[in-house]
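Take a look at this one; I'll ask things after.
The values are calculated or read from the model by the stated rules, or taken from the named source; none is laboratory data. No experiment lies behind these values; they were computed from the predicted model shown. For neighbour counting, all protein chains shown are included, and Cβ atoms are generated from backbone atoms with ideal geometry for every residue, glycine included.
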Amino acid sequence: MQLDYKSISFNTKWILSGSNSIIYKESINSTLNIALDKKYQINDARKVVITDNQISGKGTHGKQWISTPYKDLTFSLILGKDNHFGQKLINKCCLAMIHILSLYGIKGKVKYPNDIYVNNKKIVGMLLSNIQTSGSENIIYQALSIGMNVNSIIDIKTIDKEAQVSSTSMFLELKEEVNREKLLKLIIESIDPVIQKLAHQ
């Protein structure tokens, strides 16, 4: 089922609040491609780019993030050029995700530098990316991408034979579907104060 992003009202201070904070694409190669585009960085900083069908999701070291269409959460936050976030952002966001999983009764563990595992299986991945303009501008733009296995029912290893780890999802752990809209709201509202605090340091 398509994500009902328009029904979500975010209570945030750094990430823009309200349904207009979402840039939704039903199907796209990667949300990161949009989030790092200079046009979006200038006009849509602090907004979330999300899709129901990410065809070529990006992971660390050039790896691919595979998700199930209309089942999982794959999105990128446009951070803009005013702040140069680093590993501290990923670390704190990982802790926020661990807390969110605990609210559902799932015990997660951070695997450095940017993944979360449950019972030795990957459930969440994060990626902090930047792009630097050339010429006289010399501006660095950043984006934070998050992929979360929510309602998928297949271990990624069965799809990607080159995958070095097995995966799990909230559905596989709980044996019931999770409301993606409620979960997205929890995630955004949990990482918002993290970003806000780091932005003002």
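Sort through 11, 33 and tell me the only one that's surrounded by fewer than 20 Cβ atoms within 10 Å (Cβ to Cβ), at negative phi and not in a loop (DSSP other than H, G, I, E, B).
Of the residues listed, the single one that is surrounded by fewer than 20 Cβ atoms within 10 Å (Cβ to Cβ), at negative phi and not in a loop (DSSP other than H, G, I, E, B) is 33.
Restricting to the stretch 74-101, and then to whatever is of a type in the set (D, E, K, R) and outside any loop (DSSP other than H, G, I, E, B), can you tell me which residue is surrounded by the most Cβ atoms within 10 Å (Cβ to Cβ)?
Ranking the qualifying residues of the stretch 74-101, first place goes to 92.
Can I ask one more? Do we have residue 124 as modelled with pLDDT of 90 or more, surrounded by 15 or more Cβ atoms within 10 Å (Cβ to Cβ) and in a strand (DSSP E or B) here?
It is true that residue 124 is modelled with pLDDT of 90 or more, surrounded by 15 or more Cβ atoms within 10 Å (Cβ to Cβ) and in a strand (DSSP E or B).
Taking the options 194, 165, name whichever one is assigned to a loop (DSSP other than H, G, I, E, B) and either over 22 Å from residue 144 (Cα atoms) or not charged (D, E, K, R) (or both).
After applying the criteria, what remains is 165.
Now a separate question. Please name all residue pairs, on different chains or six or more residues apart, with Cβ atoms under 8 Å, provided the first residue is in the stretch 79-104 and is touching a residue at least 60 places away in the same chain (Cβ under 8 Å) and closer than 24 Å to residue 33 by Cα and the second residue is assigned to a helix (DSSP H, G or I) and hydroxyl-bearing (Ser, Thr, Tyr).
97/190
Would you confirm, using the coordinates I've provided, whether residue 173 is among the acidic types (Asp, Glu) and modelled with pLDDT of 85 or more?
In short, yes.
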